[in-house]
Amino acid sequence: MTTSERGAAGQHTVRRHNLALVLREVAGPEPVSRAAVAARTGLTRGTVSSLVEELIAAGLVTELAAPRGGTGRPASPLRLDPTGPAGLGVEIGVDAVAACVVDLTGSVRARRSVPSDHRDAAPPAGLAT
């Protein structure tokens, strides 16, 4: 591996780490501005802006309308995108199969449970349900 290859991998790792830092700040309980994210993470405003644009393009973050009033340019608050990616959880119990879809904000988008007796069935039969 050449020095430039190691450097590129290092830059990629740093970028991923910084994306995670920004996403964690945006995932807080209240919408937050880019400037606040920069102040909390120690990243430059330019870096935060670039990372936020990447997170918006990925559908992870959305930018809300800036509040009106006051002096100067208003900051547009950021929050997790409730229409973005979601996770799927599946539970195969002895008497039911349940599934749940949860978005990045922790809100349940869908939930379903279907009775299904697995007490005496082999594991492959339960998975086929």
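A few notes on this one:
- Taken over segment 88-126, the criterion of being open to solvent by less than 50 Å² (accessible area, probe 1.4 Å), more than 18 Å from residue 59 (Cα to Cα) and in contact (Cβ under 8 Å) with a residue 12 or more places away in the chain is satisfied by 89, 93, 96, 97, 98, 99, 100, 116, 118, 126.
- Scanning segment 42-66 for residues that are over 15 Å from the mean Cα position of the chain (by Cα) and open to solvent by less than 80 Å² (accessible area, probe 1.4 Å) turns up 42, 43, 46, 47, 48, 49, 50, 64, 66.
- Top-ranked residue in segment 82-129 [being among the polar types (S, T, N, Q) and touching a Ser or Thr at 6+ places or on another chain (Cβ under 6 Å); ranked as modelled with the lowest pLDDT]: 129
The rows are residues; the columns are (1) in contact with a Lys or Arg (Cβ under 6 Å, 6 or more places away or on another chain); (2) not in a helix (DSSP H, G or I).
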position	(1), (2)
21	no, no
30	no, yes
38	yes, no
94	yes, yes
97	no, yes
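- Yes/no for residue 82 being over 16 Å from the mean Cα position of the chain (by Cα) and more than 14 Å from residue 32 (Cα to Cα): no
- Residue-level analysis places residue 79 outside the set of residues that are in contact with a Ser or Thr (Cβ under 7 Å, 6 or more places away or on another chain), surrounded by 16 or more Cβ atoms within 10 Å (Cβ to Cβ), over 28 Å from residue 110 (Cα atoms) and at pLDDT 90 or above.
- Looking only at segment 28-41, and only at residues there that are open to solvent by less than 50 Å² (accessible area, probe 1.4 Å) and without any contact (Cβ under 8 Å) to a residue 40 or more places away in the chain, the one that is nearest to residue 82 (Cα to Cα): 28
- Some residue of segment 63-71 being in contact with a Leu (Cβ under 7 Å, 6 or more places away or on another chain) and either under 23 Å from residue 106 (Cβ atoms) or outside any loop (DSSP other than H, G, I, E, B) (or both): yes
- Among the residues of segment 11-27, just one is open to solvent by 30 Å² or more (accessible area, probe 1.4 Å) and within 15 Å of residue 64 (Cα to Cα), namely 27.
The values are calculated or read from the model by the stated rules, or taken from the named source; none is laboratory data. Keep in mind it's a predicted model, so treat the numbers as computed, not measured. Note that each Cβ is placed from the backbone with ideal geometry, even for glycine, and that neighbours are counted across all protein chains shown. Please note that ligands, DNA and RNA were not included when accessible areas were found on the heavy atoms of the full protein model with its side chains. Shrake-Rupley method; radii C 1.70, N 1.55, O 1.52, S 1.80 Å.
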